[in-house]
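The values are calculated or read from the model by the stated rules, or taken from the named source; none is laboratory data. Being a predicted model, the structure only gives us computed values, none of them experimental. All Cβ positions, even for glycine, are placed from backbone atoms using ideal geometry, and neighbour counts span all protein chains on display. For accessibility, only protein heavy atoms count, side chains too; no ligands or nucleic acids. Shrake-Rupley method; radii C 1.70, N 1.55, O 1.52, S 1.80 Å.
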Amino acid sequence: MQLAFTKMHGAGNDFVVLDATRAPIALSAAQLRLLADRHFGVGADQILMVEPPPSSEVDFRYRIFNADGGEVEQCGNGARCFVAYVHGKGLTDKRRIRVQTLSGIIEPELQADGRVTVDMGAPVFNLPQVPFDASGLSPRQVDAWEQWPLDIDGATAWISVLSMGNPHAVQRVDDVDAAPVHSDGPRIEHHPRFPKRVNAGFMQIVDAHHIRLRVWERGAGETLACGTGACAAVVAGLRHGWLRDSVDVETRGGLLTIAWAGPGQPVHMTGPAAFVFDGLIALPDLP
Ligand SMILES: N[C@H](CCC[C@H](N)C(=O)O)C(=O)O
């Protein structure tokens, strides 16, 4: 099939965006993997599917597929690109829209300076909802919050566990550039205590309003930025008492700003969204 697409990125986390608002687009996992392939396809960390609203409560539905072809609940950088896309392509003239995702409704808003702020909803700390299997484990108290021990080939990684609609395991490191992202990242992603796998964040605290972050993403590997990962890291840092109010998150692909007022409150993420090019790909029928 000839498939029209738009290439975008949010702080270097890159996407193939598909417009399924006029007609449904049904792709197999193999076709999604091919689209995301950086040699045989277009190349992207995730594929974003823009769909009509499933109810009058929202303006659109937005589906997210990782490079491995799996559909997931949420994507923060994708949400910013999504609102820039529907606005830029004339699918809406609203600057603030309500979007149905697998993990609930989010509200991205296009700012006058072109950046996008997203109400990402409230973080979830209930371990079975992450989901994280803590059976038989004892947490340690680190300052104002708990960390859980994860056995990584005999060594212990102490992680803060939460969900931003998608699962996150965040650990504090002294220097992100020296963090074991490519060795521990995949082991954490596929750890049996995360039955739906997990995104593994490595956070360096620069000061109470500034962190450096690298994320090994579930289904995509290390990305240049992870929006939900930035939210999860800042929420963990605020709960531990290491961070204050609004935090600048320095990622390898750019800067995100995250604010959270505490448990039960939504996380607000602000950052860039960029168009790269429009294209057409001859996608083979792959079962
Ligand atoms: N890899 C994530 C989905 C994309 C999240 C990330 N790209 C973001 O900006 O939040 C997961 O499997 O939960």
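Given H placed on each backbone N at 1.01 Å, which residues far from I159 in sequence or on other chains put an amide H within less than 5 Å of it?
Close amide H contacts, sequence-distant or interchain: W148, L150.
Are there any trypsin sites (Lys or Arg not before Pro) in the stretch 105-197 that are in a DSSP loop and have at most 15 other Cβ atoms within 10 Å? List them by number.
Here the sparse-neighbourhood loop sites are K196.
What is the calculated FRET efficiency for W158 to F277, with r their C-beta to C-beta distance and R₀ = 41 Å, to the nearest 0.05?
About 0.45, to the nearest 0.05.
Per residue Cα convex hull volume for the stretch 202-254, in cubic angstrom?
So the per-residue Cα hull volume is 66 Å³.
I'd like the distance between the alpha-carbon centres of the stretch 1-36 and the stretch 143-171, rounded to an integer number of Å.
32
Return, for the Cα atoms of the stretch 61-177, the radius of gyration and Dmax in Å, separated by a comma.
Values for the stretch 61-177 (Cα only, Rg and Dmax): 17.8, 54 Å.
Considering only protein heavy atoms and a probe of 1.4 Å, how much of the accessible area of the stretch 127-267 is carbon and sulfur, as a whole percent?
47
Could you work out the helix-only [θ] at 222 nm for the chain, with each DSSP H run of four or more residues adding -39,500 (n - 2.57) and the total divided by the number of residues, to the nearest 500 deg cm²/dmol?
Rounded to the nearest 500, the figure is -4500 deg cm²/dmol.
What is the percent of Cα-Cα separations in the stretch 127-267 that go past 19 Å?
Here the tail beyond 19 Å accounts for 44 percent of pairs.
Tell me the volume per residue, in Å³, of the convex hull enclosing the alpha carbons of the chain.
Taking only Cα atoms, the chain has a hull volume of 131 Å³ per residue.
If each residue of separation counts as 0.36 nm, what is the full-extension length gain between M1 and E71 once their alpha-carbon separation is subtracted?
Contour length minus Cα-Cα distance gives 23.1 nm.
Kindly rank 221-229, 85-93, 18-26 from highest to lowest mean number of other beta carbons found within 10 Å of each residue.
Sorting 221-229, 85-93, 18-26 by mean packing, highest first, produces 221-229, 85-93, 18-26.
With labels modelled as points extended 7 Å from the Cα through the Cβ direction, what inter-label distance (nm, one decimal) is found for A112 paired with H190?
5.1
For the stretch 69-112, take every pair of Cα atoms, bin their distances at 5 Å starting from 0, and report each bin as a whole percent.
5, 22, 32, 22, 13, 5, 1
For D245 and R95, what does the FRET efficiency come to when R0 = 25 Å and r is the distance between their Cβ atoms, rounded to the nearest 0.05?
0.50
How far apart, in nm, are two points set 7 Å out from the Cα along the Cα-to-Cβ line at Q265 and at D151?
Here the modelled spin labels are 4.0 nm apart.
For the stretch 35-94, what ratio Rg/Rh do Cα atoms give with a Kirkwood hydrodynamic radius?
1.01
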